[in-house]
């Protein structure tokens, strides 16, 4: 039949969803009431939406987020938490990425830093923004191995392609001069071009002490801190919420936006 021949041609042209929608329309009597332009629009919409969803899935897979299920939709906005939706929305439009600004989230262990930055990562993927997530130890290890194998330039180019680079567990270990030189290469490639998100236990005021080479420390922090939105998460470990006995005693976790002048609670 002509219908099936047309569907096969659509598949051959790598339009499988459009082919499926075309066959669905041919089997539906309700479609007969629609004119050509309406049916063509439905075909195009089906293919476009499928490609968009596939791109989002690929971006999320490539991002390799530590908390793959983190999303802003799961943030608790009950009145007891006094969470300002508008304050969060100011950053979730990702205008700061277009402005090549950074985002820094600090706070004690377990307060939800990783979850929050991964929520930003998930939303970025949904908006078509290329994102990559690394624990600091793994990033340093990969760059060190790339240096030894002569593939450093390739590794740096791959990192530079990410519109948002998320670095978790910043500052757990002292940064050696060799490591700091590698990091400087990363941030030099990104400065004024791409955005970086940092999640760290130590407050920004103590970051300089992490570096053995203070000169490189100045250069790195100058590229990271001065154009960044900075938030500090307060409160007990979110992991205590896993124990029902601790729910009633669980204190609110606050995120203080120094740049926005708002207090977010998570």
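Couple of notes before you dig in:
- Checklist (1) at positive phi; (2) at pLDDT 90 or above applied to residue 110, failing item: (2)
Each row is one residue, and each column tells you yes or no for (1) surrounded by 15 or more Cβ atoms within 10 Å (Cβ to Cβ); (2) at pLDDT 90 or above; (3) not assigned by TED's automatic domain parsing to the domain that holds residue 131.
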residue: 7; (1), (2), (3): yes, no, yes
residue: 13; (1), (2), (3): no, yes, yes
residue: 22; (1), (2), (3): yes, no, yes
residue: 25; (1), (2), (3): yes, no, yes
residue: 28; (1), (2), (3): no, no, yes
residue: 31; (1), (2), (3): no, no, yes
residue: 35; (1), (2), (3): no, no, yes
residue: 44; (1), (2), (3): no, yes, yes
residue: 54; (1), (2), (3): no, yes, yes
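- Checking residue 167 against (1) assigned to a strand (DSSP E or B); (2) surrounded by fewer than 20 Cβ atoms within 10 Å (Cβ to Cβ), the condition it does not meet: (2)
Per-residue answers, yes or no, for (1) surrounded by 15 or more Cβ atoms within 10 Å (Cβ to Cβ); (2) in the same structural domain as residue 195 (by TED's automatic domain parsing); (3) within 29 Å of residue 209 (Cα to Cα):
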position: 118; (1), (2), (3): yes, yes, yes
position: 154; (1), (2), (3): no, yes, no
position: 162; (1), (2), (3): yes, yes, yes
position: 176; (1), (2), (3): no, yes, yes
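- For residue 192, the conditions (1) within 12 Å of the chain's Cα centre (by Cα); (2) part of a loop (DSSP other than H, G, I, E, B); (3) under 17 Å from residue 104 (Cα atoms) all hold with the exception of (1).
The values are calculated or read from the model by the stated rules, or taken from the named source; none is laboratory data. Predicted model only: the values in this text are computed from it and were never measured. Here the Cβ is made from the backbone with ideal geometry for all residues, glycine too, and neighbour counts use every protein chain on show.
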